[in-house]
Each structure stands twice: as structure tokens, then as C-alpha cells.
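This report concerns only the one structure given below.
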Amino acid sequence: MEALITTSAADFRAALPAGGALIGLDLGTQTIGTAFADAGWRFASPGKTLRRGKFGADKELLVALIAERSVKGLVIGLPLNMDASEGPRSQASRAYARNLGVLGLPVLLWDERWSTVGAERGLIEQDMSRAKRATRIDSAAAAVILQGAIDALAGAAF
């Protein structure tokens, strides 16, 4: 069975009728920020920032995180242009999602416009130094992406 890959919160929610823990991913060119949502989809918390390598190595790291947290679905940031059109980075995220489809988990592609800005503001509000922010920005952005998705999932309840 092919994994569901969608931009619709309602379709994603329908694929997960019993809820379950979620992982959020902010795909950068050099790193992957991760975040996790509890099984009740109440809040997203930043996870690890992974050094991005070849897809096979990335997949192994993600499989370990997914197993460790009993993840039931993935939310991947979709980098849209400000006019909501898709560019090369969006296509790269879609390809990454298709490659992760082998895991058999549903994937929600979520608009990540402003996620890094929101994450940076949050880290500044915590009075975090610039150096520390640089190491945590990707996982904080993943948490912003995932929180936006779980907020929409709550609204997509039947």
C-alpha cells in the first residue's frame, strides 16, 4: 500500500483516526530539524537537529526516531513562495516525502512560510544567544511547522 502524501489536514486526519504521535521535519540543505507532537496533538516540542547526508543515512536516523517515539504520521514543511507558488525547494520537499513513503506512514506537507521567523522570535524571547539560536533554529522551526499542522488537525475533526 502506498503511503498517503497530502497537503490536506482533513485527509491526513482521516488517515490517523486514532491519533498518535507525530514527527515534524524542517528540511534544510545541510540539516533536518525535528519536532514531536504528543499522541493527543496538543503541543509540538523541538527535537534533535540532524546533519543531512545521503537519503539512506537520513532515513536510518529518522526510522530510529520514529520507532523511539511510536510515531504514526509525518509532517514535512513545504517551502512555498510568498505568492503560494512552488519552486525548486518545494519540489525537493515533495521528492523527500515520496522517498519517505516507503515507511508506510501518512505524510502531511505543511506550508512553512514564516516558520523560521516565528522560531527565531521565540528563541529571542527566551533571551537565547545568537550562537545558541543558530544550533536550535531548525528544530524550533520544525516545532512551529508541526504546531501549525496540529492546530489545523484539531479544526479538521469530524
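The values are calculated or read from the model by the stated rules, or taken from the named source; none is laboratory data. As the structure is a prediction and not an experimental result, all values here were calculated from the model. Here Cβ is always computed from backbone atoms with ideal geometry, including for glycine, and neighbour counts include all displayed protein chains.
Quick notes
- Residues in segment 27-36 that are out of contact with any Ser or Thr (no Cβ under 7 Å at 6 or more places or on another chain) and farther than 22 Å from residue 94 by Cβ: none.
- Segment 7-23 residues that are under 22 Å from residue 84 (Cβ atoms), paired with ones that are at pLDDT 95 or above and assigned to a loop (DSSP other than H, G, I, E, B) (beta carbon under 8 Å, 6 or more apart): 12/106
- Considering residues of segment 11-53 that are farther than 22 Å from residue 136 by Cα and surrounded by fewer than 14 Cβ atoms within 10 Å (Cβ to Cβ) only, the residue nearest to the chain's Cα centre (by Cα): 40
- Meets criteria (crowded, with 19+ Cβ neighbours inside 10 Å, in contact with a helix residue (DSSP H, G or I) (Cβ under 6 Å, 6 or more places away or on another chain) and under 17 Å from residue 78 (Cβ atoms)) for residue 3: no
- Any hit, segment 105-118, residues being modelled with pLDDT of 90 or more and polar (S, T, N, Q): no
- Candidate set: segment 102-112, residues that are out of contact with any helix residue (DSSP H, G or I) (no Cβ under 7 Å at 6 or more places or on another chain) and surrounded by 17 or more Cβ atoms within 10 Å (Cβ to Cβ); chosen: the one nearest to residue 55 (Cα to Cα): 105
- Among residues of segment 73-92, those that are surrounded by 11 or more Cβ atoms within 10 Å (Cβ to Cβ) and either of a type in the set (Lys, Arg) or at positive phi (or both), counted: 1
- Tally of residues being of a type in the set (D, E, K, R) and without any contact (Cβ under 8 Å) to a residue 12 or more places away in the chain across segment 75-114: 3
- Residue within segment 27-37 that is assigned to a strand (DSSP E or B), of a type in the set (Phe, Trp, Tyr) and modelled with pLDDT of 90 or more present: yes
- Lone unmet requirement of (1) in contact with a strand residue (DSSP E or B) (Cβ under 7 Å, 6 or more places away or on another chain); (2) surrounded by fewer than 16 Cβ atoms within 10 Å (Cβ to Cβ); (3) at pLDDT below 90; (4) among the polar types (S, T, N, Q) for residue 70: (3)
- Residue match in segment 79-99 (condition: of a type in the set (Ser, Thr, Tyr), part of a loop (DSSP other than H, G, I, E, B) and modelled with pLDDT of 90 or more): no
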